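The values are calculated or read from the model by the stated rules, or taken from the named source; none is laboratory data. Predicted model only: the values in this text are computed from it and were never measured. Cβ atoms come from the backbone with ideal geometry, glycine included; neighbour counts cover every protein chain shown.
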Amino acid sequence: MSAHDWKNIGPLESIPRSGSRRLCLRQAGRPIAVFRTRDDEVFALIDECPHKRGPLSEGLVSGKTVTCPLHNWGIALDSGEAVAPDEGRAGPIPLRVVDGNIHVYLPEPAVEAIA
Amino acid sequence: MYINDDLARIPPIAQLVVIGNGMAAMRTVEELLKHEGGKRYRITVFGAEPHVNYNRIMLSSVLAGDKQLDEIVINPREWYEENGIRLITGDEVTAIDRDARTVTSANGICVPYDRLLIATGSKPLAPRIPGLELPGVCAFRDIADVDKMLAAARTHRHAVVIGGGLLGLEAAWGLRQRGMSVALVHLMPTLMERQLDAAAGQLLQRDLDRRGIAFFTEGQTKEITGVDHAESVLLEDGREIPADLVVLAIGIRPRIELAVAAGLEINRGIVVGDDMRTSDPLIFAVGECVEHRGQVFGLVAPIWDQAKVCGARLAGDQAAIFASKALSTSLKITGVEVFSAGALMAADESDEEIMLRDESSGVYKKIVLRDGRLVGVVLYGHVVDGQWYLKLMRDKEDVSALRERLVFGKAFAEAESGGAQAVDYEAMRDDTQICGCNGVCKGDIVKAIRTLKLTTLSEVRAHTKASASCGQCTGQVEEILAYAAGVDAKATKKTVCDCTEADHDEVRAAIRTQQLKSMDAVRAALAWKKPEGCHKCRPALNYYLLCEWPGEYQDDASSRFVNERLHANIQKDGTYSVVPRMWGGLTTPAELHAIADVAEKFKIPTVKVTGGQRIDLLGVKKEDLPAVWSDLGQAGLVSGHAYAKGLRTVKTCVGKEWCRFGTQDSTGLGVKLEKMCWGSWTPHKVKFAVSGCPRNCAEASIKDLGVICIDAGYDLLVGGNGGVDVRVTDLLVRVSTEDEVLQYAGAFMQLYREEAHYMERSAPWIARVGIDYVKRRLVEDAEGREQLCQRFLYSQTFARVDPWHERASGVAAEAFQPLPELAGALA
Ligand code: SRM
Ligand SMILES: Cc1cc2nc3c(=O)[nH]c(=O)nc-3n(C[C@H](O)[C@H](O)[C@H](O)COP(=O)(O)OP(=O)(O)OC[C@H]3O[C@@H](n4cnc5c(N)ncnc54)[C@H](O)[C@@H]3O)c2cc1C
Ligand code: SF4
Ligand code: FES
C-alpha cells in the first residue's frame, strides 16, 4: 500500500450524518460511495447494490446498514454483505480518517476520475 | 464469452464439470452445496447461452409483460463467485473424451473432470416444411427467442404460432398481450390434447378465442412463405395466414448429441438409473435430456426431485433414489385456470368418469376412478383443489366413501364427511404438497414460518422456494402464512417495525399525549430496540412528528427516501425524473416552451405525458437537477411532487366551459383544490380528480378524493384507488357550493393525515375504519369538520414551499455533487 494510493477526499463533515455521498473517483470504472453513520463512523463501498446495481449512496443509513433505494435490500456498511435472506456483496473499500480528513484506498491504475 | 476467472481459488480436490447452465443443472449444484460433501468439488459450469441461470418457466410471463427479464434470474453472477464456481457462459461444450476425462468447448477450453454432469435440456422440434430458415421464424425456448418475439411485436402486426400445447398457448397469449394479432395453428382437433380432454380443450379454445386469438385447429402446416422474411403460413388445406412472425412450439426433444458422440447409452434421452448415473458411472445426467425408466421429462417438478438425488449422490450419499411421481399441468395465462393430472378419460369399461359442467360460469371438472382410487383429474375454470386431487392420486387413497362428493371439490367432500368448510390447514397433513414446481409441502412451509419467524410472502419464498417458480400456489402459501403466523399473537399485531412493540396508533398517541417532539424522544419514550431506528420506522416517525407539530418540528432529510430528499424520482439507472406541476392539468404555451427548452438544453432523453395529466422529463442527471429546476422555475413551474407522500395530481376534465355536457367549472375547481392542498405531507400519496358530469372523464371514482359535478352541485367521493387493488370510492356527501367542496377537502385531508398509518393510502384506511366513521367525523359533526379544515390550512402555511426553488437557489447544494478528491496523495 503505497502512500499515494490513499486519496484524501476531504473532511468528515462534508458527508451528512446518517448519510452518504458518491465520489468523483471510481474504482475500475465502478462508482464509490462514502457513508457516515450517526456516530461518525465512516465506510466506503462500491456504490452498486448487489441486487441490481442501485446507487447505495442514495439509500437510507440506519446504524451500520444502508437500505438500497431501488428495492430495499439492506447492506452492511462494514462488510458490504447483503442482510439475509438476500445474498450478495458490495465491495468494501479500505478507508481511514487522518486529522479529520477521510482517505480512501484506491491504488493506481484502478482509479480514474469521472470523465 | 464470459469467464469469471478472478475467483479466489479453492484447493481443487475433485473436479466437477457441468454441461449446461439451465434449471436442472444449477438446482443440482445448489443441492450439492447443501451437503458437506459438496465442498470437496471444484466446480466448472459451461452454459451455451450468454446468461446466468434463469427461470425458464417465467419466459412466458416476460413475453406477456408480467415480468422483466432481470426479475427471472435465479442465480446472479455473484452467486457463482461466492460459491467458488467457475462459470463459462456463451460457450458450448462440443466434445466429451471419456478416456482422457476431459470436456472441450467450441472456444477450445479443455477442462478435466473427476465427475461430469450433463444437463443440456432439450431442443425445440421443427416440422419438416420449407421456409424454416426465413428471418421472422423462431422457437420459444430461451431468452434469445423472447427477444426476437418482443422485437417483432414492436414493429410488426401478424403472428402465427404453430402448436396448441402449453408452450404454444402461452406464446400466443404473450404476443396477444403485446398487441399483435395472433393466429394459432394446431394439428389436432382440440387444444392441449395430451393434458386436457376434449371438453376442457374446447372451453379453453372458446375462452382464448374471446380474448382475440384466432384458432386453426386440424391445421397441417405446409410451408412458411416469404422472400427475405416470413410473410405467411400456408396450410395443407389451402388456407393462408399472414405472418410477420412465426413461432414454432410443436414439442421438444432431449438434447443428446454430445452423449451420443461420447458413446453413452441412449434411447429417447440419455438413459439414467435411479441414482441419476448414466451408463458411465462417473457421468451423471439430469433434466429434460434424460430418460428414466422409459420416461422423458418436460416439467420442473420431477426435475427438482432428480436434482436432489443427483446432488446427494455427488456428495457421497449412496442411498438417494429417484422415483417419478404423478405429475400435474397448469397453464400460466392470467385468468385462465386449467389443471390436469393423470388419466384424461376412462381407459376401459371398468374405469369410471364423473363429470361436472357449469356452462354459464365456465367451470368443468372431471375425475377418473379405477378400483375405488382416483387416477385422473381435469379441471377447468376452478382449480384450487388441483393439488388436493393430485395428492389423493399419489397416495392411491381409497376414495370410494367420497365417490358422490369428490367431484365437487375438497371443501364439499370433506364437509359432508365431517371435515371443515374452508381449507383447514390445521387438519391438513404435513406432507400435503402445496407448491407443485418445487415439491414443497405444507409441513415445510409451516416449519419455516415458525422457526424462522417469517411474516411475509417474500420471506417464505426466499426460505422455502414455495411459490418461487410458476407462482400458481401463491394464494395458498399466503393462507398458510396467515394460519401459521397467526398462531403467534404478537406477529398479528402490526408493529411499526421490528425496532418496537408499539403499533402506529400507539406511537401517534404517545407523540400527542407526551408532547414528544423529536425522533429520539419518541424512541426513548417507547423503548425502541435500536437507538437509531431503521429504514421502516424513521420515515414514519418523521412524518408523524411533522404532522403533529407543524412549524415546530424540523424535517429530517436523512430519514426520507431518496425521492423525497432530492425532490425527484430515482429511476432504475440512477438518473431522475422531473415532473412540474400543471395545476388541474392546465398549461400554457410559455410553460411548454420552457419544458421544451430544458429538455433540449440538458439533453433529457425522454419526455412523456404521465397518467396524471402532466409532463415527465425522464433521465435527468443528478448534477443537473438544480439547474433544470432553476430554468423551469423562471417560467413559473414548480415541483409536481410526483415523488412525495403528499398531494400528487388533481385531474380534471374540461367541464362546463367547453363540454356540451359539463354542469360546473370542473377545471377551475380542480385548480382551486390543487392550490389549496399542494405541498402537504400525508401518510401516503394523495390524488384528486374533478369530473364535470357523471360521465366522469377525470376518473374521479378511483381517486383518494373525487368530485363529480352535477346540476344540483357536487358529489364528494372518497377512498378510491387505482393501482394494485382497485377500489371504487364511497360517496361521502352531496354539497351545493365550491366553498363547501373546499372545506370538506381540507377536513378530509386533515383527518387522513392525523389518523391513517404511515404508508396507508386513503382506500385501505377507509376500508379499515369504515366510511360511516368518516361520515360521522366530516358530515355529521359540522364543527369538527370546520376545525379539521382549520388545522389543515394552518399546517399548509408551512408546507406550501416549492422545494425546487429552494434548491435552485442553493439549499443543500452539496447533496447534488460528488465528493472531490482534495489533496491527492497522502504524504
Ligand atoms: C409517471 C407515472 C407513470 C406515467 O408515465 O404516466 C407514474 C410513475 C410511477 N408510479 Fe404511479 N405513476 C403515474 C400515475 C399513476 C396512476 C394514475 C393516476 O394517478 O391517475 C396510478 C393509479 C392511481 C392510484 O394511485 O390510485 C398509479 C399507481 C401507482 C402505484 C400503486 C398505488 C397503490 O395504491 O396501489 C405505485 C406504487 C406505490 O406508490 O407504492 C406507483 C408508483 C410509481 C412510481 C413512483 C414507482 C417508483 O416507486 O419509482 C413511478 C415513478 C416513476 C417516475 O420516476 O416518474 N404508482 N400511478 C404517473 C405519474 C403521474 C403524475 O403525474 O404524477
Ligand atoms: C416458455 C416455457 C414455459 C415453461 N413453463 C413451464 C411450467 O409452467 N411448468 C413447468 O414445470 N415447466 C415449464 N417449462 C419447462 C421447464 O422450463 C423445463 O422443464 C426446464 O427448464 C428444464 O431444465 P433443464 O435444465 O433440463 O433444461 P434447460 O433449462 O433448457 O437448460 C439447459 C441448458 O443447457 C444449455 N446447453 C445445452 N447444450 C449445451 C452444451 N453442449 N454446452 C453448454 N451448454 C449447453 C442450454 O443452452 C440451456 O441453457 C417451460 C419451458 C418453457 C420454454
Ligand atoms: S410507471 Fe407505474 S405502472 Fe409503469 S412501470 Fe413504473 S410503477 Fe409500473
Ligand atoms: S438494486 Fe438495490 S435492492 Fe434492487
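At a glance:
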quantity: Residue that is farthest from ligand 4 (Cβ to nearest atom), among those in region A:82-91 that are under 20 Å from A:ARG26 (Cα atoms) and crowded, with 17+ Cβ neighbours inside 10 Å; calculated: A:ARG89
quantity: Any chance B:VAL137 is modelled with pLDDT of 95 or more and assigned by TED's automatic domain parsing to the domain that holds B:ILE57; calculated: no
quantity: Unique match (being touching a strand residue (DSSP E or B) at 6+ places or on another chain (Cβ under 9 Å) and surrounded by fewer than 15 Cβ atoms within 10 Å (Cβ to Cβ)) among B:LEU116, B:LEU125, B:LEU87; calculated: B:LEU125
quantity: Odd one out for B:ALA745, checked against (1) surrounded by 17 or more Cβ atoms within 10 Å (Cβ to Cβ); (2) among the aliphatic types (A, V, I, L, M); (3) within 16 Å of ligand 1 (Cβ to nearest atom); calculated: (3)
quantity: Boolean, B:ALA745 is of a type in the set (Gly, Ala, Ser) and more than 14 Å from chain A (Cβ to nearest Cβ); calculated: yes
quantity: Enumeration of residues in region B:184-228 that are surrounded by 20 or more Cβ atoms within 10 Å (Cβ to Cβ) and over 27 Å from B:ALA341 (Cα atoms); calculated: B:THR221, B:ILE224
quantity: Residues located in region A:63-88, provided they are closer than 24 Å to B:GLN571 by Cβ, at the interface with another protein chain (Cβ under 10 Å from one of its Cβ atoms) and in contact (Cβ under 8 Å) with a residue 24 or more places away in the chain; calculated: A:VAL66, A:ALA82, A:ASP86, A:GLY88
quantity: Residue within region A:32-53 that is more than 10 Å from every other protein chain (Cβ to nearest Cβ), among the acidic types (Asp, Glu) and closer than 19 Å to A:ASN8 by Cβ present; calculated: yes
quantity: Selection from region B:293-331 of residues that are more than 29 Å from the chain's Cα centre (by Cα) and among the charged types (D, E, K, R); calculated: B:ARG293, B:ARG313, B:ASP317, B:LYS325
quantity: Odd one out for B:LEU586 among (1) within 30 Å of A:GLU48 (Cα to Cα); (2) away from chain A (no Cβ under 14 Å); (3) surrounded by fewer than 18 Cβ atoms within 10 Å (Cβ to Cβ); calculated: (1)
quantity: The listed residue being touching a residue at least 40 places away in the same chain (Cβ under 8 Å) and more than 30 Å from A:ASP5 (Cβ to Cβ), out of B:PHE798, B:PHE816; calculated: B:PHE798
quantity: Residues of region B:660-671 satisfying the condition of being surrounded by fewer than 20 Cβ atoms within 10 Å (Cβ to Cβ) and over 14 Å from B:ASN696 (Cβ atoms); calculated: B:ARG660, B:ASP665, B:GLY668, B:VAL671
quantity: Any hit, region B:537-546, residues being within 14 Å of chain A (Cβ to nearest Cβ), part of a loop (DSSP other than H, G, I, E, B) and crowded, with 20+ Cβ neighbours inside 10 Å; calculated: no
quantity: Some residue of region B:63-73 being out of contact with any strand residue (DSSP E or B) (no Cβ under 8 Å at 6 or more places or on another chain), closer than 25 Å to B:GLU257 by Cβ, more than 14 Å from chain A (Cβ to nearest Cβ) and surrounded by 18 or more Cβ atoms within 10 Å (Cβ to Cβ); calculated: no
quantity: Qualifying strands (runs of 3 or more DSSP E) (wholly inside region B:316-411; at least 1 residues being within 30 Å of B:ASP275 (Cβ to Cβ)); calculated: B:328-330, B:338-342, B:373-380
quantity: Residue identified as outside the structural domain of B:ASP704 (by TED's automatic domain parsing), more than 29 Å from B:MET759 (Cβ to Cβ), of a type in the set (Val, Ile, Thr) and surrounded by fewer than 20 Cβ atoms within 10 Å (Cβ to Cβ) among B:VAL598, B:VAL607, B:VAL638; calculated: B:VAL607
quantity: Test: residue in region B:470-493 that is buried (at least 18 other Cβ atoms within 10 Å of the Cβ) and within 14 Å of chain A (Cβ to nearest Cβ); calculated: no
quantity: Residue satisfying all of: in region B:564-582; more than 8 Å from chain A (Cβ to nearest Cβ) and within 16 Å of ligand 4 (Cβ to nearest atom); farthest from B:TYR543 (Cα to Cα) among these; calculated: B:ASP573
quantity: 2 or more residues under 14 Å from B:PHE46 (Cα atoms): qualifying helices (runs of 4 or more DSSP H) within region B:59-159; calculated: B:77-82
quantity: Tally, over region B:280-321, of residues that are more than 19 Å from B:ILE256 (Cβ to Cβ) and of a type in the set (Phe, Trp, Tyr); calculated: 1
quantity: When residues of region B:570-615 are limited to those that are among the charged types (D, E, K, R), within 25 Å of the chain's Cα centre (by Cα) and part of a loop (DSSP other than H, G, I, E, B), the one farthest from A:PRO31 (Cα to Cα); calculated: B:LYS572
quantity: Where a residue in region B:39-60 is without any contact (Cβ under 8 Å) to a residue 24 or more places away in the chain and its partner, wherever it lies, is surrounded by 24 or more Cβ atoms within 10 Å (Cβ to Cβ), with Cβ under 9 Å and at least six apart; calculated: none
quantity: Filter result for the condition that a residue is at pLDDT below 90 and either out of contact with any Leu (no Cβ under 8 Å at 6 or more places or on another chain) or surrounded by 20 or more Cβ atoms within 10 Å (Cβ to Cβ) (or both), over A:SER20, A:SER2, A:SER57; calculated: A:SER2
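Conditions (1) assigned by TED's automatic domain parsing to the domain that holds B:MET582; (2) over 17 Å from B:TRP765 (Cα atoms); (3) within 34 Å of the chain's Cα centre (by Cα); (4) more than 16 Å from ligand 2 (Cβ to nearest atom), marked per residue:
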residue	(1), (2), (3), (4)
B:LEU673	no, yes, no, yes
B:ALA689	no, yes, yes, yes
B:PRO694	no, yes, no, yes
B:ASP711	no, yes, no, yes
B:VAL718	no, no, yes, yes
B:GLY722	no, no, yes, yes
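Yes/no matrix, rows are residues, columns are (1) charged (D, E, K, R); (2) out of contact with any strand residue (DSSP E or B) (no Cβ under 7 Å at 6 or more places or on another chain); (3) without any contact (Cβ under 8 Å) to a residue 40 or more places away in the chain:
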| residue | (1), (2), (3) |
| --- | --- |
| B:GLU193 | yes, yes, yes |
| B:ALA214 | no, no, yes |
| B:THR225 | no, no, no |
| B:ARG239 | yes, no, yes |
